[in-house]
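The values are calculated or read from the model by the stated rules, or taken from the named source; none is laboratory data. The model shown is predicted, which means the values in this text are computed figures rather than measured ones. Glycine gets a Cβ as well: all are built from the backbone with ideal geometry, and neighbour counts include every protein chain shown.
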Amino acid sequence: MEDHSLGVREASGSNPDRSIMAEGERGSHPTLRIKGTKSHALSGKSIVLGVTGSIAAVRTVELAHELIRHGADVYGVMSEAAMEIIHPYTLHYATGHEVITKLMGNIEHVVFLGMEGSADLFIIAPCTANTLNKIAGGVSDTPVTAFATTAFGSGIPIIVVPAMHETMYKNPILIANHDKLRKLGVTVIGPKFEEGLAKIASTEDIILAVERVLSLKKLAGKRILITGGPTIEPIDPIRILTNRSSGRTGIELVKEAYKQGAEVTLVHSKTPLNLDGIKEVRVETAREMIDACVTEFREGKEKEEEEGYDVLISSAAISDFTADSSEAKISSGEEFYLHLVPTGKLIEEVRDEFPELVIVGFKAETDVSKEELISAAREKMENHNIEMVVVNDVGKGGIGTKENEVYIIRGGAEGVKHVKGAKKVIAEEIVDELAKLSL
């Protein structure tokens, strides 16, 4: 068989540090120009990406690029079987660094993943049935499995992303090994079952899991319920009352709380996220949203104390009015008067029944001063006995847009933070402020 490692690691003397230094002397690899262009969530983190012999190996270019776009440095290691799917040059291009295809005298697995290794995380994506079974059994006969064995010994986090035929995944031996890895602290993402295949998880799922593993885990052990998006009030079988909310803020809050170690439930009316590890409850009307939240809180309270919810983040734009819905389509072309009735208030109902719950509320005003915004937020905090309010002036934008400008209000004179920018950034700041509360 052709030795694909020639000209890859061997060309630099098989020394990871020397290889990296040489690249620095020559100038950065073009791929590294995308570093940190999406976020800095993984800045300063070094990730080793193990690739095994699944056809899903073709996804590694996309995955490596996304890790880099979030700030990470990525280094590739391949099994011999993986090189039958993609060439090491492909992974070199994807990561911006030369690829490890065999272990040489510089013990690359120890340099990266040993007790004093330079890497923060080892991820195997895709991970074949063969590799999953081997690492569960402590077998180290490929560069990838040797890296896994070393990571186990040094306590460096491991993420495994299986990809194989569904019948292979359902093998009871593999299932037992899958469960064994989870018990050993390995994060297993996916797979997604389609067309008789246990397919590799989405890149979004993988990035989210990486960020969770490498985060400061400011909300570890906390259960958080987040409402998001608009609600929908039917007028007849065709027409509805709703609002301009896009649901972006709720989605970003869900991702950020999950990254920081929380167990998260999203109650919303938008298209399902289908993100690994996130519970979703789909609703339409204001009443359905309120009832769904109350049910979640009650069920949590009825279980063991540690399984109850700790926080409600009420970011949804819940309808203030509903109407008596007609069962038949209302005829067009004629005057029609719609009688609007106020809906219930989620925070009021929840606070009355669950006084111990930490609540983050949202408030929107139109064309008012900064002082009036902050005053309105503090009034809401006082009236409803809630710990934090996020307030914004929708007259200046923010509803249905990708960016916003808000004030995050906590108790005390110092508890005012002004944030302007992408809703992802705003969500990060809200979660950061939430973590400062006594949860």
ask   = So which residues in region 301-345 are outside any loop (DSSP other than H, G, I, E, B) and buried (at least 18 other Cβ atoms within 10 Å of the Cβ)?
value = 311, 312, 313, 314, 317, 322
remark   = When region 399-428 is checked residue by residue, the ones that are surrounded by fewer than 19 Cβ atoms within 10 Å (Cβ to Cβ), under 25 Å from residue 217 (Cβ atoms) and under 19 Å from the mean Cα position of the chain (by Cα) are 422, 425
note = Within region 48-62, restricting to residues that are surrounded by 24 or more Cβ atoms within 10 Å (Cβ to Cβ) and in contact with a helix residue (DSSP H, G or I) (Cβ under 9 Å, 6 or more places away or on another chain), the one that is farthest from residue 432 (Cα to Cα) is 54
ask   = Quick one: how many residues across region 256-284 are surrounded by 15 or more Cβ atoms within 10 Å (Cβ to Cβ) and in a loop (DSSP other than H, G, I, E, B)?
value = 11
remark   = Those residues of region 307-333 which are of a type in the set (A, V, I, L, M) and more than 20 Å from residue 296 (Cα to Cα) amount to 323, 328, 330
Where a residue in region 281-302 is closer than 16 Å to residue 264 by Cβ and its partner, wherever it lies, is part of a helix (DSSP H, G or I) and modelled with pLDDT of 95 or more, with Cβ under 6 Å and at least six apart = 281/292
task = Give the number of residues within region 100-125 that are over 19 Å from residue 157 (Cα atoms) and either free of Cβ contacts under 8 Å to residues at least 60 places away in the same chain or out of contact with any Phe, Trp or Tyr (no Cβ under 8 Å at 6 or more places or on another chain) (or both).
result = 7
ask   = When residues of region 218-234 are filtered for being surrounded by 18 or more Cβ atoms within 10 Å (Cβ to Cβ) and among the small types (Gly, Ala, Ser), how many remain?
value = 2
query = If you scan region 346-357, which residues turn out to be of a type in the set (D, E, K, R) and assigned to a helix (DSSP H, G or I)?
reply = 348, 349, 351, 352, 353
task = Among residues belonging to region 126-144 that are in contact (Cβ under 8 Å) with a residue 40 or more places away in the chain and among the polar types (S, T, N, Q), point out the one that is farthest from residue 182 (Cα to Cα).
result = 142
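Here is a yes/no grid of residues against (1) more than 20 Å from residue 430 (Cα to Cα); (2) in contact with a strand residue (DSSP E or B) (Cβ under 7 Å, 6 or more places away or on another chain); (3) at pLDDT 95 or above; (4) of a type in the set (D, E, K, R):
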{"residue": "207", "(1), (2), (3), (4)": "yes, no, yes, no"}
{"residue": "211", "(1), (2), (3), (4)": "no, no, yes, yes"}
{"residue": "228", "(1), (2), (3), (4)": "no, yes, yes, no"}
{"residue": "242", "(1), (2), (3), (4)": "yes, yes, no, no"}
{"residue": "248", "(1), (2), (3), (4)": "no, no, no, yes"}
{"residue": "256", "(1), (2), (3), (4)": "no, no, yes, yes"}
{"residue": "277", "(1), (2), (3), (4)": "yes, no, no, no"}
{"residue": "283", "(1), (2), (3), (4)": "yes, yes, yes, no"}
{"residue": "294", "(1), (2), (3), (4)": "yes, no, yes, no"}
query = If you check residue 71 against the conditions, is it farther than 30 Å from residue 183 by Cβ, surrounded by fewer than 19 Cβ atoms within 10 Å (Cβ to Cβ) and free of Cβ contacts under 8 Å to residues at least 40 places away in the same chain?
reply = yes
Options 175, 235, 226, 200; residue that is over 24 Å from the mean Cα position of the chain (by Cα) and in contact (Cβ under 8 Å) with a residue 60 or more places away in the chain = 235
ask   = Residues of region 155-170 being more than 25 Å from the chain's Cα centre (by Cα) and of a type in the set (A, V, I, L, M), which ones?
value = 168
request  = Could you please give the count of residues in region 235-255 that are more than 21 Å from residue 405 (Cβ to Cβ) and surrounded by fewer than 18 Cβ atoms within 10 Å (Cβ to Cβ)?
outcome  = 7
inquiry  = Which numbered condition in (1) modelled with pLDDT under 95; (2) in a loop (DSSP other than H, G, I, E, B); (3) more than 26 Å from residue 421 (Cα to Cα); (4) not acidic (Asp, Glu) is the only one that residue 24 fails?
reply    = (2)
ask   = Any residue in region 393-400 that is free of Cβ contacts under 8 Å to residues at least 12 places away in the same chain and over 24 Å from residue 245 (Cβ atoms)?
value = no
task = Report whether or not residue 84 is at pLDDT below 95 and among the acidic types (Asp, Glu).
result = no
